Amino acid sequence: MKKIAIAIHGGAGTLLKGIMTPDKEISYKKSLETALNAGYKILENKGNAVDAVTEAVRILEDSPLFNAGKGSVFTNAGSHEMDASIMNGENLEAGAVSLISGIKNPILLAKNIMQKSEHVFLAGTGAMEYANLLGYKLEPEDYFYDDFRYNQWQEIKDSDNFQLDHNVQKDSKFG
Amino acid sequence: TVGAVACDFEGNVAAATSTGGMTNKKFGRIGDSPMIGAGTYANNNTCAVSCTGTGEFFIRGVVAYDVSCLMEYKGLSLKDAADEVVQKRLISIGGDGGLIAVDAKGNITTPFNTEGMYRASIDTHGTQKLDIYK
C-alpha cells in the first residue's frame, strides 16, 4: 500500500437537465482525470504534496470547463476576477491572492506569494503589481471568454442575482 | 471553483483552491477560496482541506479550519470531522457545498450537501474514483 493520495474537485452548483450532455460529461471527466493523474504522478515520483496540488489545480485552471483561470465566470462589470490560495501542512506556510485579472494561473501566483514573499494574502492592484514584479504576463480578455459563461452572465447581468459555478437556473436558490 | 488536496510519501499534506468567483458578482466580492482557514487549510497534524460552495457560509463557518480543529481538539477521524462540518454545522447556517480532505495517513473524504459536485481521487491503494454527483 502506498501512502500517497490525492483528491480534486471541480466546483459546486446545480446541474440543469439538458445542459450536461453525455459529450460534455465525458469532457468534464477527461479534464478531471488529466488533472488528477498529473498530481498523482508527482507524488509517485517522490514529489511533494505542494507541487502535486499546484499542478492539479493549474491544469483545471487551464480548462474552460471549470470556474477558475480560463473558465472564470463574468463579474457584473463583464470582467473576470480570480482568487486562489495554497497551504503547506508541513510548516503552515500559506499564500493567497484575490481580485486579480489577466493572470493565466492564479494558483502559481499564490504559490509564489507563499514561497517568495513575506506575506500570506495579496489582493487587487497590489497583487497585480507583485505579479508584474515576478514577470507574469497578462492574458488578453478573449483568453477568458467563453460563450456559455457569457450567456450565463447575460441572463442576470441587470439584476442583483449572482450564480454559483455551474448553476444555470435563473431563479434557483443560489440566485 | 477548483481545488486539490494531497499527501506525499513523507506524510506531508497540502491544499490548493482557485476560483473565478460567482457570475455577476460585484463590489469586489470574494468568497472563501482565497481565505486560509475558510476555504483552504493544511496541517500535517490533522489534514488538508479545499472547499467549494457558496463562499459566504464557508467564511462564517471557518470551514476548512473547523475540520482540522475537530480532529486536533476532539480527536475525530478525518471522515467524522468533515461530515460533522459539512452535514451539520454548514447546513445549520444555511450553507451549501462541500469539501475534499486528506490526512497525513492518506485517508481521503469528500463530503458535500448539494448537487453538481465534480470529484476525483486516487487513494493509498491506487484506486481511482471519478464522478459528477448529480
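Fewest first, what order do B:33, B:68 take by the number of other Cβ atoms within 10 Å?
B:68, B:33
Please give the helix B:63-74 orientation as an angle from the longest Cα principal axis of chain B, in degrees from 0 to 90, rounded to the nearest 10.
The answer is roughly 40 degrees.
Need one value for A:93-102: mean number of C-beta atoms belonging to other chains within 10 Å of its residues' C-beta atoms.
Mean shielding count: 4.
Give the total of Lys-Lys pairs in chain B with Cα-Cα distances below 17 Å; include a pair only if its members are 8 or more places apart or on different chains.
Final tally of qualifying lysine pairs is 4.
As an exercise, use a Förster radius of 41 Å and the Cβ-Cβ distance of residue A:139 and residue B:88 to find the FRET efficiency, rounded to the nearest 0.05. Before the final figure, lay out each step's value.
On the way: r = 41 Å, r/R0 = 1.01.
Efficiency computed from Cβ-Cβ geometry: 0.50.
Applying a 10 Å radius around every beta-carbon, put A:92-101, B:20-29, B:4-13 in order of their mean neighbour count, most first.
Per-residue mean Cβ counts within 10 Å order the peptides as B:4-13, A:92-101, B:20-29.
Can you give the Rg/Rh ratio of region B:1-81, where Rg is from the C-alpha atoms and Rh is the Kirkwood radius?
1.02
So how do B:111-117, B:80-86, A:85-91 stack up, highest first, on mean other-Cβ count within 10 Å? Can you show the working numbers first?
Numbers: B:111-117: 20.7, B:80-86: 23.1, A:85-91: 26.9.
Descending packing order for the listed peptides: A:85-91, B:80-86, B:111-117.
Can you pull the mean other chain C-beta count within 10 Å for peptide B:100-110?
For peptide B:100-110, the averaged partner shielding equals 3.
Can you give the relative contact order of chain A as a percent, counting alpha carbon pairs under 8 Å and 6+ residues apart? Spell out each step's value before the answer.
Details: 254 pairs, mean separation 37.3, N = 175.
Normalised by residue count, the contact order of chain A is 21 percent.
Run the numbers on chain B and let me know its relative contact order in percent, using alpha-carbon pairs under 8 Å that are six or more apart.
The value is 21 percent.
When Cβ neighbours within 10 Å are restricted to other protein chains, what is their mean count per residue of peptide B:38-45?
Whole-number average of other-chain Cβ neighbours for B:38-45 is 6.
Which far-off residues, 5 or more places away or on another chain, put their amide H under 5 Å from the one on residue A:90, with H placed in the peptide plane?
B:13, B:44
Quick check on chain B: helices-only [θ] at 222 nm, where DSSP H runs of length 4 and up contribute -39,500 (n - 2.57) each and the sum goes over total residues. Nearest 500, please.
-5000 deg cm²/dmol
Please list, in order along region A:86-96, the HN-Hα scalar couplings obtained from phi with the Karplus expression 6.51 cos²θ - 1.76 cosθ + 1.60 (θ = phi - 60°), rounded to whole Hz, x for Gly and Pro.
Calculated HN-Hα couplings, in order: 8, 9, 9, x, 6, 10, 6, 6, 8, x, 8 Hz.
Choose one answer from B:40, B:124, B:52: the residue with the largest mean-square fluctuation in a GNM of chain B with alpha-carbon springs under 10 Å.
Comparing B:40, B:124, B:52 in a Gaussian network model of chain B, the most mobile one is B:124.
Which whole-number percent is the relative contact order of region B:19-71 (Cα, under 8 Å, 6+ apart)? Kindly include the intermediate steps, with their values, before the conclusion.
Values: 74 pairs, mean separation 17.7, N = 53.
Relative contact order, region B:19-71: 33 percent.
Bear in mind these aren't lab numbers, they're just calculated from the coordinates by the rules spelled out. The model shown is predicted, which means the values in this text are computed figures rather than measured ones. Neighbour counts run over all protein chains shown; Cβ positions are idealised from the backbone, glycine included.
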